[in-house]
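Each remark here refers to the structure printed beneath this line.
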Amino acid sequence: MKTRTGNAARGLGSGGVDYAVQLEALRPVAGWNVFGHVGWRFTGDVPGATPYRNPFYAEVGASRKLAPAVEAGWFVDWRDSIGRPGPQRDATAYAAYTDGAWRYQLYVSKGFSRAAADIALGLGVRRRF
């Protein structure tokens, strides 16, 4: 569930409450972890705006441990159109380092549709409690 925290006029979410139902899978194959998911998102509509579509979405990818604390991988995302921008398609490569409860992940993404960023670079930091 995603609450209505984004500004729909700026393309930062639907402006409504969204729900998703998703099936995930992970399978070790010859030293790699192959993973993916498929799902359906029920996009919240905002009064006075054109109703959004409820898109199907999917992801497939693989990751591999390069050292006990280092992992690298890639994944491809696909989502049906929810409105004017059209469907979203992108591919991401990442590398992650884990230090105890902390995880640092660098990534680069390439978009293949109008609704995806042309290029995205990022750093994610996660702390488990």
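The values are calculated or read from the model by the stated rules, or taken from the named source; none is laboratory data. Not measured: the values here are computed from a predicted model. Positions of Cβ are backbone-derived with ideal geometry, glycine not excepted, and every protein chain shown enters the neighbour counts. All accessible areas refer to the heavy atoms of the entire protein, side chains included, with ligands and DNA or RNA removed. Shrake-Rupley method; radii C 1.70, N 1.55, O 1.52, S 1.80 Å.
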Charge tally in the Cβ shell below 14 Å around Arg64, where Lys, Arg are +1 and Asp, Glu are -1, Arg64 excluded:
+1
Just to check, using Stokes-Einstein with a Kirkwood Rh over alpha carbon pairs, what's the diffusion coefficient of the chain at 37 °C and 0.692 mPa s in µm²/s?
200 µm²/s
Determine how large the accessible area of Tyr104 is when every protein chain is in place; take a 1.4 Å probe and give Å² rounded to the nearest 10.
90 Å²
At R0 = 22 Å, FRET efficiency that the Cβ-Cβ distance of Leu123 and Ala91 yields, to 0.05:
0.75
Would you kindly derive the ³J(HN,Hα) couplings of segment 101-107 from the backbone phi angles with the Karplus curve 6.51 cos²θ - 1.76 cosθ + 1.60 (θ = phi - 60°), listing them in order in whole Hz, with x for Gly and Pro?
7, 9, 9, 10, 10, 9, 8
If each residue of separation counts as 0.36 nm, what is the full-extension length gain between Ala62 and Val108 once their alpha-carbon separation is subtracted?
15.0 nm
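When the dipole is taken about the Cα centre of the chain, and only Lys, Arg (+1) and Asp, Glu (-1) are charged at their Cβ, what size is it in debye, to the nearest 20? All intermediate terms of the calculation are to be shown ahead of the outcome.
Details: 17 positive and 10 negative charges, 33 e Å.
Dipole magnitude for the chain comes out near 160 debye.
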For segment 75-128, state what percent of all Cα-Cα pairs lands in each successive 5 Å bin, counting from 0 Å until the bin that includes the largest distance.
5, 19, 22, 16, 14, 12, 8, 3, 0
